[in-house]
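Each remark here refers to the structure printed beneath this line.
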Amino acid sequence: MMQAFLLILLLGAAAGWLSRRVGLPAAVGQVALGAILGPAVLGWIAADDALRLLAEIGVVLLLGMAGLHIGLDRLMAAGWAACWVAILGIVLPLGGGYVAASWWGSPEPEALYVGTALAATSIGISVQVLQQFGLLRSWIGEVVVAAAVIDDVVALYLLAVAHGVLSGGFSISRLGGSLALALVSLGAVFWVSRWAAQQVAGRLFQAPAAILLVLTAGWATAWLGLSAVVGGFFAGLGIGEGVGGRHREQLTGNLNRLVLLLVPFFFVLIGVAAEWEVVTEPGMTSLFIGLLGTALLGKILGGMVGALGGGLWAGLVVGASMAPRGEVALVVADLGFRQGHLDHHVFVTLILVAVAAAVFAPLLITMAAWQYQRHTG
């Protein structure tokens, strides 16, 4: 146990740093590290209850910090272009992923989780590339950031709905009940967290209080049959509104240290759990190509159509910037697998799709940005 803890703690941080240095999300390097350390290669690490608990805490805090960092003001300030980019960028990959998985032979619940996993965007990759081209503070950058925020919020909400419905069988009545439960529960989490944060804002125990709020919200939503990570995100969103701008930045910095310490456990264990030899089995190549094509084309087309008001080439940059996948896609895949809704073959394929999208997307953004700057002078 102690050996596994130290390996993940030290090598996980190093793998994340190296991954970011080459322009990829830290999650990509950490999943790859898990594949190397796990039974598939070295066999040094096997997931146990203690490591899974640390992984669960890490991912709930990760989504809590994401909500804290984003803030409700950025969500509300999103223009219509960002809304259309987000909506189309969710509908196309969600529907395409569902159809591709169903065509491959997945049952309805599995196909629904596949589509949900393809709906989210990893904004960290896009921000790095857009910043290199001086586009982050332009209209393009504003639309991309706002649309990605909406994407991830909706993807997490869809995850909560899917979990609540599929855990007890799929039906229209259950869908309506789960929707109402999610709205009431997540609204309550937001407002309670906001009120609690206002009471402790500026005090020395602010960070421990925020951690307690996020973890409690995650436990409460999991107890209600939703997802712990969704509760953590909405708690972070409420805390950000409660503490205000200056305190939010300070609190985000304090929480980031703990998140960087714990979140590698989650991504490394994903790599450990995957039996990578399944990718050589018949039919797996076609599933991977189908899902990767759906993941990339769905976001690119959705972004182009949604942002056409800024011109064709601006729309292409926006679409390419929505194509990366990262933490949220891996969270959905992991939860679907652990809840028994995803077959192991599909679970591994979704991990590979997220990694491949994280690799290809920066190249697509770069080519689109070159064309945009060439045609706009």
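The values are calculated or read from the model by the stated rules, or taken from the named source; none is laboratory data. Keep in mind that this is a model prediction, so the values were computed, not measured. Glycine gets a Cβ as well: all are built from the backbone with ideal geometry, and neighbour counts include every protein chain shown. Accessible surface is based on the protein model in full, side chains and every heavy atom, while ligands, DNA and RNA are left aside. Shrake-Rupley method; radii C 1.70, N 1.55, O 1.52, S 1.80 Å.
Which condition breaks for Gly29 when tested against (1) surrounded by fewer than 23 Cβ atoms within 10 Å (Cβ to Cβ); (2) of a type outside the set (A, V, I, L, M); (3) assigned to a helix (DSSP H, G or I)?
(1) is the only condition that Gly29 fails.
Please identify the pairs in which a residue from segment 196-225 that is within 14 Å of Glu56 (Cα to Cα) has its Cβ atom under 8 Å from the Cβ atom of a residue that is at pLDDT below 70, counting only partners at least 6 apart or on another chain.
Listed by first residue and then by second, the contacts come to Thr221/Ala160; Thr221/Ser227.
Is it the case that Thr221 is surrounded by fewer than 19 Cβ atoms within 10 Å (Cβ to Cβ) and either under 22 Å from the mean Cα position of the chain (by Cα) or at pLDDT 75 or above (or both)?
Judged against the criteria, Thr221 is not a match.
Closer than 24 Å to Ala155 by Cα, assigned to a helix (DSSP H, G or I) and either open to solvent by 20 Å² or more (accessible area, probe 1.4 Å) or at pLDDT 80 or above (or both) - does that describe any residue in segment 37-53?
Yes, that holds for at least one residue.
Mind listing whichever residues of segment 288-328 are modelled with pLDDT under 85, open to solvent by less than 10 Å² (accessible area, probe 1.4 Å) and over 16 Å from Leu88 (Cβ atoms)?
Pro324, Arg325, Gly326 - these are the residues of segment 288-328 that are modelled with pLDDT under 85, open to solvent by less than 10 Å² (accessible area, probe 1.4 Å) and over 16 Å from Leu88 (Cβ atoms).
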